[in-house]
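Enquirer: Dropping the structure in here first, questions after.
Derivation of every value follows stated rules applied to the coordinates shown; laboratory data play no part. Note that the structure is predicted; figures quoted are calculated from it, not measured. When we count neighbours, we look across all protein chains shown, and the Cβ atoms used for this are built from the backbone with ideal geometry, even at glycine.
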Amino acid sequence: MNFPIRTENLSRRFGRTVAVDRVDLAVPEGAVYALVGPNGAGKTTLVKMIMNILLPTAGRAEVLGIDSRLLAGKAFNRIGYVSENQELPEGMTTGGMLDYFRAFYPTWDRTLEEQLVHQFDLPLKRQLKHLSRGMKMKAAFASSLAYRPSLIVLDEPFTGLDPLVRDELIEGLIERAPETTIFLSSHDLAEIESFSSHVGYLEQGRLLFSEEMSVLSARFREVTVTLASPSPLPTNLPASWLQPQTADCVVRFVLSDFNEQESQRELAERFPSVRDICFDPMTLRSIFLAIARSGRSRASSAQDQAVAREEVA
Amino acid sequence: MKQILHIFAKDVRLSWSGILGALALVTAYLSINYYLLAAYPQFRQGGIASGGWLAQLLPIIFLLTLIGWIVLVSSVILGERLAGDTQFWITRPYEWKKLLAAKLLYLVIFVYLPALAAFFILRAEVGPPSHSEITIQGLLGNVLLFITVLVLPAAAIATVTANSTRLTWAIFCAITGMIAATVIPAEMRPDSVPGPLSVNICFAVLLLLCGAVIVLQYARRKTRLSVALLIAIPVLIFAIGLFTPERRPHDRTQQPKATVSRPT
């Protein structure tokens with residue numbers, strides 16, 4: 001299988017801060033890969049290293065078979081990149097920008113350009129500096145899709161956009177999806193869930209998981225266990241039980257390694273007085289929140305323990 | 001070549017008003033000189049002091065032209081700025097050598113060519129230099145060196161700054177630094193001044209490091225290293241001014257003669 005993006009031990013430090021920590025990632029050809037994670041997780045830094053905007057402090061990345069550190073010039077003929085922070089040549093009109101970029105790309109498709117201009121309702125004669133944020137994003141999308149890149153990299157493309165613009169952009173992307181590989185970072189989970197085929201979760205610079213969306217959806221379940229009588233939570237719960245809570249006769253948690261028979265059996269062992277077990281499928285947003293919250297509670301309890309140790313010392 | 005011309009054409013489209021402004025200043029400088037040469041016969045020998053009130057405008061227009069060229073070149077460099085990581089062009093199929101070549105082409109066509117044209121037009125009107133030791137080639141070399149010494153550092157600073165506000169501050173700091181680097185050693189060693197070789201080395205340091213910064217920025221965008229190299233320039237000039245063994249005595253009794261500006 002081909003992997004248009006592949007990273008090995010990719011790391012980046014800013015002084016003492018580790019922004020990206022030994023990330024191993026492989027984005028299969030034809031995938032729509034969503035890199036999700038809370039703010040400050042290192043998504044943008046990872047994307048910038050992949051695009052050779054930032055250099056890694058350790059490890060390496062390969063993009064379309066090229067070492068990311070050598071990514072320049074003609075290599076970008078096959079890569080489309082749009083970022084929420086990216087500037088545009090503001091002094092140009094939208095039409096002027098498309099005319100200007102057209103000459104750089106041998107594969108620029110005029111028909112597709114016209115289609116994108118029409119689809120995004122772009123005002124060709126207005127200067128880019130006078131466009132709204134949404135319009136600028138649409139102009140950036142049009143200028144990055146019109147040459148039919150074999151890899152599209154998007155960094156938080158939907159942040160701060162109204163739902164209408166988001167839908168238009170997603171529609172434009174979905175139409176391109178069959179002929180390209182899309183790698184996008186986002187915390188806009190509801191939107192990406194509808195069209196992503198793969199998902200990676202980044203937290204504090206570490207890639208916690210990277211897998212197909214269908215596998216992820218099958219792995220996570222919201223579990224509700226109804227007991228015959230109130231019971232405290234058992235001790236030594238498995239690490240795959242996230243955010244366990246108990247109230248009267250009900251125990252709730254998120255199970256991150258769901259397997260119907262195995263999970264049923266394990267729950268029955270741990271809760272002998274079980275009356276009912278319910279496994280509910282989860283949305284990507286609920287999965288993301290459960291992982292993020294359990295990560296934070298783990299981090300804060302570790303911090304509490306460290307503070308306690310310091311006080312004792 | 002196609003990409004060079006494409007970028008160059010874009011730069012011309014986006015900066016046509018600045019180009020017209022700079023050309024208008026050069027034309028005004030030439031026209032006033034022409035008028036003065038025709039209307040005031042003594043202007044040919046006496047320079048500004050003998051050309052009436054209109055002649056007093058010449059140094060102002062000259063200064064404005066230099067500032068105009070610096071603004072023109074800097075703004076064109078900032079059009080595809082090199083400092084930072086959010087520029088539109090760094091993830092497009094730009095080739096750095098072609099981008100640099102496009103900017104150099106712009107510099108040659110809109111700064112050097114008008115300057116050379118003005119030089120030759122004025123020379124044709126003024127005639128050959130009256131002093132036998134002065135040659136046309138020497139004068140031309142001085143004009144080119146003067147423009148380079150002025151424009152190259154500004155261009156180098158533009159490659160390490162992200163916008164025009166920062167550029168203005170950086171140029172201000174650079175001027176202050178260069179004044180300090182030349183004045184302080186002179187005050188510390190008032191008995192002698194560096195000899196001509198040392199002065200030439202200072203010019204070489206300035207031009208070589210500025211050139212290196214420009215190439216480094218276009219090739220690698222190593223802004224921190226480039227800033228360090230730019231800071232090294234006044235430091236080196238300061239050190240040369242203070243420690244160079246090649247010195248000549250400074251004759252304090254000989255006051256500088258009142259200079260009379262004459263047409264180039």
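Enquirer: Please state the shape class of region B:36-102: rounded when a/c is under 1.5, otherwise prolate if a/b exceeds b/c and oblate if not, all from the C-alpha gyration tensor. Can you show the working numbers first?
Expert: Working: a/c = 6.70, a/b = 3.88, b/c = 1.73.
Prolate.
Enquirer: For A:Tyr33, B:Tyr112, what's the fewest-to-most ordering of other Cβ within 10 Å of each Cβ?
Expert: On the way: A:Tyr33 25, B:Tyr112 17.
Least crowded to most crowded, the residues run B:Tyr112, A:Tyr33.
Enquirer: To continue, here is another question. As a quick test, which of the pairs A:Lys136/B:Lys103; A:Lys43/A:Lys136; A:Lys43/A:Lys125; A:Lys125/B:Lys222; A:Lys136/B:Lys2 have an alpha carbon distance above 32 angstrom in this structure?
Expert: Details: A:Lys136/B:Lys103 27 Å; A:Lys43/A:Lys136 22 Å; A:Lys43/A:Lys125 35 Å; A:Lys125/B:Lys222 36 Å; A:Lys136/B:Lys2 28 Å.
Listed pairs above 32 Å: A:Lys43/A:Lys125; A:Lys125/B:Lys222.
Enquirer: For the pair B:Ala9 and B:Leu140, what calculated FRET efficiency results from E = 1/(1 + (r/R0)^6), where r is the Cβ-Cβ distance and R0 = 25 Å, to the nearest 0.05?
Expert: Step by step, r from the Cβ atoms, then E = 0.25.
Enquirer: Let me ask another. Can you give me the Cα centroid spacing of region A:145-196 and region B:203-226 in angstrom?
Expert: With region A:145-196 and region B:203-226 each reduced to a Cα centre, they are spaced 39 Å.
Enquirer: Can you sort A:Glu168, A:Glu211 by how many other beta carbons sit within 10 Å, fewest first?
Expert: Sorted ascending by nearby Cβ count, the order is A:Glu211, A:Glu168.
Enquirer: Give me the one-decimal nm value for the distance between modelled label points at B:Met188 and B:Cys173, 7 Å along each residue's Cα-to-Cβ direction.
Expert: That separation, rounded to one decimal, is 2.2 nm.
Enquirer: What does DSSP give for chain A in terms of the percent of beta bridges that are antiparallel, rounded to the nearest 5? Present the calculation step by step, with values, prior to reporting the outcome.
Expert: Details: 39 of 58 bridges.
Given both bridge residues lie in chain A, the antiparallel proportion sits at roughly 65 percent.
Enquirer: Work from the charge dipole of the protein assembly as shown (Cβ charges, +1 for Lys and Arg, -1 for Asp and Glu, about the Cα centre) and give the residue of A:Leu233, B:Ser17, A:Ala292 farthest towards its positive end.
Expert: B:Ser17
Enquirer: Let me ask something else. Taking square-rooted eigenvalues a ≥ b ≥ c of the alpha carbon gyration tensor, is region B:90-245 rounded, prolate or oblate, where a/c under 1.5 means rounded and, failing that, a/b exceeding b/c means prolate?
Expert: Judged from the Cα gyration tensor, region B:90-245 comes out oblate (a/c at least 1.5, b/c at or above a/b).
Enquirer: Return the Rg/Rh value of the protein assembly as shown, two decimal places, where both radii are evaluated on C-alpha atoms and Rh is the Kirkwood radius.
Expert: 1.14
Enquirer: Continuing with the same structure: Tell me the mean residue ellipticity at 222 nm calculated for the protein assembly as shown from its helices only (DSSP H runs of n ≥ 4, each -39500 (n - 2.57), averaged over every residue, nearest 500). Don't jump to the answer; show the numbers that get you there.
Expert: Values: 19 runs with 298 residues, N = 577.
-17000 deg cm²/dmol, from helical runs alone.
Enquirer: For an R0 of 45 angstrom, estimate the FRET efficiency from the Cβ-Cβ distance between A:Arg60 and A:Glu175 and round to the nearest 0.05.
Expert: FRET efficiency, A:Arg60 to A:Glu175: 0.85.
Enquirer: Give the cross-link partners of A:Lys74 among the aspartates and glutamates, using a straight C-alpha distance below 15 Å as the criterion and excluding same-chain residues fewer than 8 apart.
Expert: Partners within reach: B:Glu95.
Enquirer: Tell me, A:His130, B:His6, A:His187 in order of fewest to most beta-carbon neighbours within 10 Å?
Expert: If I rank by nearby Cβ atoms, fewest first, I get A:His130, B:His6, A:His187.
Enquirer: Quick one: dipole size for the protein assembly as shown, taken about the Cα centre, charges +1 on Lys/Arg Cβ and -1 on Asp/Glu Cβ, in debye to the nearest 20.
Expert: 2340
Enquirer: On to the next question. With a ≥ b ≥ c taken as the square roots of the eigenvalues of the C-alpha gyration tensor of chain B, please select rounded if a/c is under 1.5 and otherwise prolate if a/b is larger than b/c or oblate if it is not? Intermediate values should be presented prior to the final figure.
Expert: Working: a/c = 2.21, a/b = 1.19, b/c = 1.86.
Taking the square roots of the gyration eigenvalues as a ≥ b ≥ c, chain B is oblate.
Enquirer: With angles folded into 0 to 90 degrees, how steeply does helix A:260-270 sit against the dominant principal axis of chain A? Use alpha carbons for both and round to 10.
Expert: 40
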